[in-house]
Amino acid sequence: MASASLWLYRILLGGLLPIALPIIKLRQRMVGKSRPRFRDRLGRSLPELPEGGVWIQAVSVGEVELARRLVAEFELQAPELPLFLTATTATGLDLARRSFGDKIPVFPCPIDLPGPVARVLESARPRLLVLVETELWPEMLYQAGERGMPVAVVNARLSPGSFAGYRRIAGRLRTLLEPLALVLARTEADAERFAGLNVPRERIVVSGNVKYDLEADRRPLDWEGDVRRIAAGRPIVVAGSTMEGEEAQVLDALGELSGNGQTPFLILAPRHPERFDAVARMLSDRGIVYSRLSSDEVIASEADAFLIDTIGELARAYRLAQMAFIGGSLVPTGGHNPLEPAVWGVPVLSGPHVHNFKEVYDEMIDAGGARLVADSAELRVAAAAWLDEPEFATAAGKAGREVVERNRGATARTVSVLLELMNRV
């Protein structure tokens, strides 16, 4: 029977939706941020789903990238096992659909209410629900438990801040977390935090960080030759996954640099699509000649910057770089994935706010493959050191790549344990 806490959650979520929907739609129009259709999130237009397989739920782009590796490994270890994937954000869905094509069904994550969740479960009757990283939806967990379906959290992470918050309601969480049959934690510290939330220790396995199993995506970039030609031998800096307030700092820092007497060529990739136009205006206002990836126009021969205003090409773009700046770090967002440039042997600069990838950064910094800077001034100094001495940048990039290689193998371990769980159940 559903607990009082779950009933309260249902009442609050169901009651707030009619109020929140008009506000969400208005905000979408104002900022240009798209979301999956509400009807699709109600589970009323589901694709044909295979029965008896695995449901993988990923939130957005980062989790979908991780899910891609899980799907590939499932296909190696259990090629006949049906899979389907849901994602919460429009950008995550777009990447998943382009990544998987017709290989597996992809559709929006159902709203966490009894009807939408039940429609998915009854349509597919999956044998296992896999939650990528830490996304614990009360209704989804409850209904899985009612059906005797095991739930696993893969690449599970729990920051000290999140853990402190959850600890305050640990008593209410106990019932919510009962359906968790398996928590595959990235690190021993994550495992201890989940145990501190009353998840039985025998259900927790430290399997490593799946994100280290990133492979360099060697598919060609249609625009690579043009960018190299326009850069004309200048050092290329890729600033990826930047957030509001960071592009200006990057431009301030790089505008005063001239590695080996040459001003660097900047490839800039904002994190969120709704900010593409604003960043383009910023470049124009500063008098920077640039081209946009989405434009059909030929890249201007005098360009000093190239704006990636699409989703799904940034990870490949890092291979052009002499060094990379990873956004979400000069502002207190928590940072984004530094392994995407590291897999290409590209050294990484980031701001101080990298708690989302703390363990990865700790190892990369210790190895010399990454550096943290406090602000635009420190970014300028650190970037100048690598641009003026490219052999140091090459050595730092090699060190970062070696960190990736040392930590591979989590994906295979994760899928093996998931298959064992399914066989036991």
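Quote to one decimal, in nm, the extra length available between R125 and L16 on full extension: 0.36 nm per residue of separation minus the C-alpha distance between them.
Full extension from R125 to L16 adds 36.3 nm.
If you place +1 on the Cβ of every Lys and Arg, -1 on the Cβ of every Asp and Glu, and leave all else neutral, what size is the dipole of the chain about its Cα centre, to the nearest 20 Debye?
1460
In nanometres, what is the gap between the two model label sites at S162 and A395, each 7 Å from Cα along Cα-to-Cβ?
The answer from the label model is 3.7 nm.
Let me confirm the definition first: pairs of Lys residues in the chain, 8 or more apart or on different chains, C-alpha distance under 24 Å. How many are there?
Working: K25/K33; K103/K211; K211/K358; K211/K398; K358/K398.
Count of close lysine pairs: 5.
Using Cα-Cα distances under 8 Å and only pairs 6 or more residues apart, what relative contact order does the chain have, in percent?
On the way: 762 pairs, mean separation 55.0, N = 425.
Normalised by residue count, the contact order of the chain is 13 percent.
If you bin the C-alpha pair distances of the stretch 283-368 every 10 Å from 0, what whole percents do you get?
16, 38, 33, 12, 1
How big is the Cα convex hull of the chain in projection, averaged over all directions, in nm²?
20.6
Give, as a single signed number, the net charge of other residues whose beta carbon lies under 14 Å from the beta carbon of F325, with Lys and Arg counted +1 and Asp and Glu -1.
-3
With each label point set 7 Å from Cα along the Cα-Cβ vector, what nm distance links R424 and R174?
For R424 paired with R174, the spin-label model returns 2.2 nm.
Positive end of the charge dipole of the chain (Lys, Arg +1 and Asp, Glu -1 on Cβ, about the Cα centre): tell me which of L372, G52, I104 has its Cα farthest that way.
The Cα lying farthest towards the positive end belongs to G52.
Which order, highest average first, do 294-305, 230-241 follow once you tally other Cβ atoms within 10 Å for each residue and take the mean per peptide?
230-241, 294-305
Ordered by packing density, taken as the mean number of other Cβ atoms within 10 Å over each peptide's residues, highest first, how do 335-342, 112-119, 246-253 rank?
Working: 335-342: 26.4, 112-119: 17.2, 246-253: 21.0.
Averaged packing, sorted descending, gives the order 335-342, 246-253, 112-119.
Run the accessible area of the stretch 310-407 with a 1.4 Å probe and give the carbon-and-sulfur part as a rounded percent.
53
Restrict the search to the stretch 213-249; then list the trypsin sites (Lys or Arg not before Pro) that DSSP places in a loop and that have at most 15 other Cβ atoms within 10 Å of their Cβ. Walk me through the numbers on the way to the answer.
Details: sites: R218, R228, R229; in loops: R218.
Hits after loop and neighbour filter: R218.
If you roll a 1.4 Å probe over the heavy atoms of the protein chains, what accessible area per residue do you get for the chain, in Å²?
44
Explain nothing, just the number: dipole magnitude of the stretch 200-253 about its Cα centre with +1 on each Lys and Arg Cβ and -1 on each Asp and Glu Cβ, in debye rounded to the nearest 20.
My answer is approximately 280 debye.
When 1/r is averaged over all different Cα pairs and the result inverted, which Kirkwood radius in Å belongs to the stretch 351-425? Mind showing how you got there, number by number?
Values: mean 1/r = 0.0679 Å⁻¹.
It is 14.7 Å.
Roughly how far apart, in whole Å, are the Cα centres of the stretch 328-382 and the stretch 71-141?
So the separation of the two Cα centres works out to 31 Å.
Quick one: which of 403-410, 55-62 comes out on top by average Cβ neighbours within 10 Å, and what's the full order, highest first?
Averaged packing, sorted descending, gives the order 55-62, 403-410.
Taking amide H positions as placed in the peptide plane 1.01 Å from N, state which residues far from A185 in sequence (5 or more) or on other chains have amide H under 5 Å from it.
A156, V205, V206, S207
Can you give the Kirkwood hydrodynamic radius for the stretch 329-383, in Å, rounded to one decimal and based on Cα pairs?
11.1
Only four residue types carry charge here, +1 at the Cβ of Lys and Arg and -1 at the Cβ of Asp and Glu. Report the dipole size of the stretch 270-315 about the Cα centre in Debye, rounded to the nearest 20.
For this selection, approximately 200 debye.
Once amide H atoms are placed 1.01 Å from N in the peptide plane, what residues at a sequence separation of 5 or more from L128, or on another chain, have their amide H within under 5 Å of its amide H?
For L128, the qualifying residues are W55.
The values are calculated or read from the model by the stated rules, or taken from the named source; none is laboratory data. The shown structure was predicted, so the numbers you read here are calculated from the model rather than taken from an experiment. Don't worry about glycine lacking a Cβ; one is built from the backbone with ideal geometry, like all the others, and counts go over all protein chains shown. With ligands, DNA and RNA removed, areas are computed over all heavy atoms of the protein, side chains included. Shrake-Rupley method; radii C 1.70, N 1.55, O 1.52, S 1.80 Å.
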